[in-house]
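The values are calculated or read from the model by the stated rules, or taken from the named source; none is laboratory data. Predicted model, so just to flag it, every value in this text is computed and none were measured. Note that we place each Cβ from the backbone using ideal geometry, even for glycine, and neighbour counts take in every protein chain shown.
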Amino acid sequence: MAEPLLQGLRPVAGPATRLLVLGSFPGVASLAAQQYYGHPRNHFWPIVGALFDQPLGDWPYARRLAWVQRRGLGLWDVYARCRRPGSLDADISDAELNDLPALVARLPKLAVIAYNGSESARVMRITAGLSLPVLKLPSTSPANASWSFERKRAAWQLAFERAGLLG
């Protein structure tokens with residue numbers, strides 16, 4: 001029997017978005033919580049918190065989203081729907097792409113698009129033609145254990161600086 005077709009999360013982005021971070025597709029914990037980067041060991045919220053010197057991981061999710069949006073950070077995934085047993089990107093099948101060009105067209109201040117990991121970056125060709133810098137960042141997933149937290153933070157800091165979100 002085939003895995004069920006899973007539905008992703010809505011974009012978190014608006015007119016102030018300067019940096020759009022694109023993941024692949026929410027994992028089991030994120031889908032259950034209906035939250036981006038909802039796995040407790042994912043480094044995304046701790047990295048963003050460290051960059052802004054804020055304890056984002058301790059805040060309620062709605063407060064985190066409002067806070068990052070005010071600072072120009074947007075979140076979405078490259079896949080709208082897919083089949084995946086578990087949370088590993090390698091197990092994604094029957095993936096349907098989100099309409100990234102349509103979202104980008106609604107973000108007048110967008111300066112940089114950053115892919116969170118290799119699986120999401122597989123669709124860089126879609127955003128490469130949008131006349132914006134496109135970056136591939138190390139995955140914040142706990143499965144990416146070959147990169148230390150500090151090494152990930154340093155790589156992500158460059159993207160935030162390039163988008164004008166720090167300093």
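Tabulated data
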| quantity | calculated |
| --- | --- |
| Restricting the stretch 138-167 to residues that are under 18 Å from the mean Cα position of the chain (by Cα) and hydroxyl-bearing (Ser, Thr, Tyr), the residue that is modelled with the lowest pLDDT | 141 |
| Residue count for the stretch 121-167, restricted to those that are hydroxyl-bearing (Ser, Thr, Tyr) and within 20 Å of residue 103 (Cα to Cα) | 2 |
| Selection count, the stretch 66-96, where residues are surrounded by fewer than 19 Cβ atoms within 10 Å (Cβ to Cβ), under 21 Å from residue 19 (Cβ atoms) and hydroxyl-bearing (Ser, Thr, Tyr) | 0 |
| Answer from 10, 63, 41 - the residue that is in a helix (DSSP H, G or I), loosely packed, with under 14 Cβ neighbours inside 10 Å and of a type in the set (Lys, Arg) | 63 |
| Qualifying residue in the stretch 120-131 (condition: at pLDDT below 95, part of a loop (DSSP other than H, G, I, E, B), among the small types (Gly, Ala, Ser) and more than 14 Å from the chain's Cα centre (by Cα)) | yes |
| Residues (of a type in the set (D, E, K, R), crowded, with 18+ Cβ neighbours inside 10 Å and either farther than 26 Å from residue 29 by Cα or touching a His at 6+ places or on another chain (Cβ under 6 Å) (or both)) located in the stretch 108-167 | 152 |
| Answer from 21, 28 - the residue that is in contact (Cβ under 8 Å) with a residue 40 or more places away in the chain and closer than 29 Å to residue 130 by Cα | 21 |
| Complete set of residues in the stretch 90-101 that are touching a residue at least 60 places away in the same chain (Cβ under 8 Å) and either at positive phi or assigned to a loop (DSSP other than H, G, I, E, B) (or both) | 92, 94, 98 |
| Inter-residue pairs, beta-carbon under 9 Å, first farther than 13 Å from residue 79 by Cα and in the stretch 118-129, second part of a helix (DSSP H, G or I), 6+ apart | 118/89; 127/100; 127/101; 127/104; 129/101 |
| Pair list, Cβ under 6 Å, 6 or more apart: the stretch 138-167 residue in contact (Cβ under 8 Å) with a residue 60 or more places away in the chain, other residue among the aromatic types (Phe, Trp, Tyr) | 140/44; 166/160 |
| Single condition residue 104 does not satisfy, out of (1) in a helix (DSSP H, G or I); (2) among the hydrophobic types (A, V, I, L, M, F, W, C); (3) buried (at least 22 other Cβ atoms within 10 Å of the Cβ) | (3) |
| Qualifying positions in the stretch 70-89 - over 21 Å from residue 48 (Cβ atoms) and in a strand (DSSP E or B) | 79, 80, 81, 82, 83 |
| Checklist (1) under 15 Å from the mean Cα position of the chain (by Cα); (2) touching a residue at least 40 places away in the same chain (Cβ under 8 Å); (3) in a loop (DSSP other than H, G, I, E, B) applied to residue 35, failing item | (2) |
